[in-house]
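Below is one structure; the comments refer to it alone.
Read-outs: derived from the displayed coordinates by stated rules, not from any lab. Since the structure is predicted, the reported quantities are computational estimates derived from the model, not experimental observations. When we count neighbours, we look across all protein chains shown, and the Cβ atoms used for this are built from the backbone with ideal geometry, even at glycine.
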DNA sequence: TTCAATGATTGGTT
DNA sequence: AACCAATCATTGAA
């Protein structure tokens, strides 16, 4: 490749004796005044710089050495440094102080709050406690879930820290590498310390954007874990037998109007150790499911009817007859299972 | 593994 | 706001 330029300069030596390779118009003034000689020197050195990429490696090395030893080199180098300094400064002015990224701050805050980026033990338990508080503190048997949650959180945490460390290390390695390279090059081409500094900050910015992605995906993972842990549907537990019996008892003894008042709901909730909302859910589900398939619930209905009857008998035998359990079955609402079952049997 | 039972959620209605 | 109806997602027995 580039055979053409090579051919053009192929006859030029490295030696400083002549001025080979110079364009015709530059050679014209040779042998003139003292100023002409200096001009010639500069032209020579510039020409060599221009053609340095056209040389083979050995040739270039030799040329580099020659350039380094040239008496004009320091002066030229300084001029180039000055020019560069000016342009670099003008570039720097535009992008000086960047404000801290609000999104990054948000991510950092969240990771800290979730105990991913904070201190090892304290953060984790704090997050678990927060999760427990948010879950409504329903049952006492969620300690197993807590440990599960904590285990997964610490897994995320570990991955996060490993990756973060990896990126940091890579960043440092790359930075040192680039700095060494620039320092090495600064011996042959004008590189100011400021320029190196700027390069380092560019590298850091690049790596911190990668870190931000890591933080973002970590946040997402934590959110998913949290939602899984907190989503009641996923950790649904059937009510215990006693609670179900209390609810069923109320339902079948108020079959004509199975709509407990707010007070009744509260009392049922207390008795069953569940929330009022859960009582409402239960009655909503029960009503619709009973209505949809009364036949299926006949047996259950009869059982509870019999039980309330026994209770009533016991209560009356103990004294007051008036306050037997209210069974306003015959009114509106759903058909009475007893009568219906009688009808069915016949 | 399948499937009925069941607690919770969602969207619509009154 | 309470309720209904349909649906989702899990549980637990077969």
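Take each peptide in A:106-114, A:289-297, A:245-253, count the other Cβ atoms within 10 Å of every residue, and average; sorted highest first, the result is A:245-253, A:106-114, A:289-297. Give, as ranges by residue number, the residues of the stretch A:185-222 whose backbone N falls under 13 Å from the point 7 Å along Cα→Cβ of residue A:103. Answer for the stretch A:185-222: A:209-217.
Model label points for residue A:194 and residue A:60, set 7 angstrom from Cα along the Cα-to-Cβ axis, are 2.9 nm apart.
Look at A:69, A:171 and count the other Cβ atoms within 10 Å of each Cβ; fewest to most, that gives A:69, A:171. Kindly identify the stretch A:241-316 as rounded, prolate or oblate by the Cα gyration tensor criterion: order the square roots of the eigenvalues as a ≥ b ≥ c, call it rounded if a/c is under 1.5, otherwise compare a/b with b/c, prolate if a/b is larger, else oblate. Oblate.
Could you order the peptides A:153-161, A:182-190, A:208-216 from most to least packed, using the average number of other C-beta atoms within 10 Å per residue?
Per-residue Cβ counts within 10 Å, averaged per peptide and sorted highest first, yield A:153-161, A:208-216, A:182-190.
Exposure proxy for A:254, A:204, A:65: other Cβ atoms within 10 Å of each Cβ, ordered fewest to most, give A:65, A:204, A:254.
By the beta-carbon count within 10 Å of each Cβ, the least crowded to most crowded order of A:105, A:179, fewest first, is A:105, A:179.
Spin-label pair residue A:291-residue A:83: with each label point 7 Å from Cα along the Cα-Cβ axis, the two points sit 8.9 nm from one another.
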